[in-house]
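Trainee: Just dropping this structure here.
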Amino acid sequence: MVAAVFHLPLEAEPPSPPAPAAASPSARTAPRAPSVDVPARARTPLPDFGAFWLHVLPPLMGFGLLLLVWEMVALRSAGSFPAPMETWQQAVQVFGDPFYSKGPNDQGVGWNVLSSLQRVALGFGLAALVGIPAGFAIGRFDFLARMFNPLISLLRPVSPLAWLPIGLLVFKGANPAAIWTIFICSIWPMVINTAVGVQRVPQDYLNVARVLNLSEWKIVTKILFPAVLPYMLTGVRLAVGTAWLVIVAAEMLTGGVGIGFWVWDEWNNLNVKNIIIAIFVIGIVGLVLEYALVKLATAFTFEEVKS
């Protein structure tokens, strides 16, 4: 390793050319032509095609594999399962007029997605109004943590659809029952992540607040909230993903307008192409919600928490 910093004697400098012969006096006094340094031609950096294909090629191969398996299943089904090209042609027709309305049970896919998003927004908003303050209280006070931790551990593993009959019995309607189901399944990630964030606030911060005799409101707003915000946003992201999963299943059982009801209605009509289209729509909408919340969480996350 040490020898690497030395140069071999032969590599230090090229041998100097031999001294020229003595020139005549007139040659010695003649002015020498000025030397002009010609700069090397600037080289345009070539794009890194290797890194480009490492980012683009794997997703393309994944989608290509999906299409290949899909085509093989369609060939083996003898026409009962639509092929990718047939589904694409149907999707062009479906998205050609996504907001048509011919009655409460015959609406475009756009209206169904908006109805599902509206239910998710209501149920998720109610869960955030209840779950985030509850998480702060449970994480802040040990008595409340000991009181509610057993209840959370008992109710959190329950399947979200198990709460749907309770909602139908209590609220006497399919739409509020679906919102109730979203609420009850979205509240647990926000409560748990917020409480964990409060419990992980360094005790030195709270000691300084006690020395300064800060009120509980200032402790929450000036100390706890900035420190807990990354954990809280993680709980919000998990809750939105769970809510979007649940609303599809809830709408399939309750009916009405929504992407879940649209899937079930197309199954009753034996329109498998629209079912496959609805699966892709559900995945794309969930991906957009996840991406938006990840960007929101990244914008409000401290560097040490990111790592």
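The values are calculated or read from the model by the stated rules, or taken from the named source; none is laboratory data. If you're wondering where the values come from, they're calculated on a predicted model, not measured in any experiment. Please note: Cβ atoms are built from the backbone with ideal geometry, for glycine as well, and neighbour counts cover all protein chains shown.
Trainee: Output the residues belonging to segment 125-134 that are crowded, with 18+ Cβ neighbours inside 10 Å and in contact with a Phe, Trp or Tyr (Cβ under 9 Å, 6 or more places away or on another chain).
Mentor: Ala127, Gly131, Ala134
Trainee: Separate question: Give all pairs with beta carbons closer than 7 Å in which a residue from segment 55-73 that is assigned to a helix (DSSP H, G or I) meets a residue that is among the aromatic types (Phe, Trp, Tyr); count only pairs at least 6 apart in sequence or on separate chains.
Mentor: Between residues of segment 55-73 that are assigned to a helix (DSSP H, G or I) and residues that are among the aromatic types (Phe, Trp, Tyr), the close pairs are Val73/Phe81.
Trainee: Looking at Ala78, is it exposed (fewer than 10 other Cβ atoms within 10 Å of the Cβ), of a type in the set (A, V, I, L, M), in a loop (DSSP other than H, G, I, E, B) and at pLDDT below 75?
Mentor: In short, no.
Trainee: Can we say Ile138 is closer than 19 Å to Thr242 by Cα, surrounded by 14 or more Cβ atoms within 10 Å (Cβ to Cβ) and at pLDDT 90 or above?
Mentor: no
Trainee: Tell me, which residue of segment 174-196 that is without any contact (Cβ under 8 Å) to a residue 60 or more places away in the chain and touching a Ser or Thr at 6+ places or on another chain (Cβ under 9 Å) is nearest to Ala137 (Cα to Cα)?
Mentor: So, considering only residues that are without any contact (Cβ under 8 Å) to a residue 60 or more places away in the chain and touching a Ser or Thr at 6+ places or on another chain (Cβ under 9 Å), the one nearest to Ala137 (Cα to Cα) is Asn193.
Yes or no, residue by residue, for (1) in contact with a His (Cβ under 9 Å, 6 or more places away or on another chain); (2) surrounded by fewer than 19 Cβ atoms within 10 Å (Cβ to Cβ); (3) outside any loop (DSSP other than H, G, I, E, B):
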{"residue": "Pro150", "(1), (2), (3)": "no, yes, yes"}
{"residue": "Val158", "(1), (2), (3)": "no, yes, no"}
{"residue": "Ala162", "(1), (2), (3)": "no, yes, yes"}
{"residue": "Trp180", "(1), (2), (3)": "no, no, yes"}
{"residue": "Ile184", "(1), (2), (3)": "no, no, yes"}
{"residue": "Pro189", "(1), (2), (3)": "no, no, yes"}
{"residue": "Val196", "(1), (2), (3)": "no, yes, yes"}
{"residue": "Leu206", "(1), (2), (3)": "no, yes, yes"}
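Trainee: Since Ile282 meets every condition but one in (1) in contact (Cβ under 8 Å) with a residue 40 or more places away in the chain; (2) buried (at least 19 other Cβ atoms within 10 Å of the Cβ), which condition does it not meet?
Mentor: All conditions pass for Ile282, except number (1).
Trainee: Going residue by residue through segment 248-271, is there one that turns out to be under 15 Å from the mean Cα position of the chain (by Cα), touching a residue at least 12 places away in the same chain (Cβ under 8 Å) and either part of a helix (DSSP H, G or I) or over 15 Å from Pro189 (Cα atoms) (or both)?
Mentor: Within segment 248-271, none of the residues are under 15 Å from the mean Cα position of the chain (by Cα), touching a residue at least 12 places away in the same chain (Cβ under 8 Å) and either part of a helix (DSSP H, G or I) or over 15 Å from Pro189 (Cα atoms) (or both).
Trainee: In the set Ser115, Ser101, which member is under 27 Å from the mean Cα position of the chain (by Cα) and either closer than 20 Å to Ile275 by Cα or among the hydroxyl-bearing types (Ser, Thr, Tyr) (or both)?
Mentor: Checking each option against the conditions leaves just Ser115.
Trainee: If you don't mind, another one. Any chance segment 101-115 includes a residue that's assigned to a helix (DSSP H, G or I), out of contact with any Ser or Thr (no Cβ under 7 Å at 6 or more places or on another chain), surrounded by 14 or more Cβ atoms within 10 Å (Cβ to Cβ) and free of Cβ contacts under 8 Å to residues at least 60 places away in the same chain?
Mentor: yes
Trainee: From the list Trp188, Trp180, Trp163, pick out the single residue that is under 21 Å from Leu129 (Cα atoms), in contact with a Cys (Cβ under 8 Å, 6 or more places away or on another chain) and at pLDDT 90 or above.
Mentor: Within the list Trp188, Trp180, Trp163, the selection yields Trp163.
Trainee: Can you name the residue in segment 81-100 that is touching a residue at least 40 places away in the same chain (Cβ under 8 Å) and either assigned to a loop (DSSP other than H, G, I, E, B) or hydroxyl-bearing (Ser, Thr, Tyr) (or both) and is also surrounded by the fewest Cβ atoms within 10 Å (Cβ to Cβ) among such residues?
Mentor: My answer is Phe81.
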